[in-house]
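In what follows, a structure is listed as structure tokens, so that the remarks can point back to it.
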Amino acid sequence: MAIMITDECINCGACEPECPNTAIYEGGVEWTWAGGTSLDKVTKENGEVVDGNASQEPLSDEFYYIVTDKCTECNGFHEEPQCAAVCPVDCCVDDPDHRETEEELLAKKAFLHNE
């Protein structure tokens with residue numbers, strides 16, 4: 001499963017530099033697939049090809065957010081999700097809407113980093 005940031009976030013920013021996939025962004029900040037990854041372009045599920053450096057709409061305007069499609073729960077990098085480990089208010093939690101197996105998370109890591 002991916003990790004999500006709840007609305008209890010105090011916007012301290014402790015989580016953002018800890019993410020090995022650059023999947024965490026400040027509220028209101030646009031994100032890219034390429035940021036922190038090896039992706040030049042991404043083919044979405046609908047077949048649309050997206051430039052990896054193209055800006056994507058922020059997923060939250062108020063709080064830090066995690067791009068689910070870039071979150072691997074730190075599998076292949078660390079023993080536990082680093083965002084949750086450093087969050088002072090415990091608002092980095094499992095996202096019940098995005099359950100993934102360890103194999104799926106490792107495959108996502110390989111995809112993101114061209115391994």
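Read-outs throughout are calculated quantities, based only on the coordinates presented, and are distinct from any laboratory measurement. This one's a predicted model, so the numbers in the text were calculated from it and none came from an experiment. We place every Cβ from the backbone using ideal geometry, glycine too, and count neighbours over all the protein chains shown.
Return the residues of region 70-93 that are assigned to a helix (DSSP H, G or I) and surrounded by fewer than 16 Cβ atoms within 10 Å (Cβ to Cβ); say none if nothing qualifies. Passing the criteria: Ala85, Val86. Of the residues making up region 89-105, one or more are aliphatic (A, V, I, L, M) and over 20 Å from Pro17 (Cβ atoms). Restricting region 25-59 to residues that are touching a Gly at 6+ places or on another chain (Cβ under 9 Å) and in a strand (DSSP E or B), which is surrounded by the most Cβ atoms within 10 Å (Cβ to Cβ)? Within region 25-59, the match that is surrounded by the most Cβ atoms within 10 Å (Cβ to Cβ) is Tyr25. Restricting the search to region 1-24, which residues are within 19 Å of Asn75 (Cα to Cα), of a type in the set (Val, Ile, Thr) and assigned to a loop (DSSP other than H, G, I, E, B)? Passing the criteria: only Thr22.
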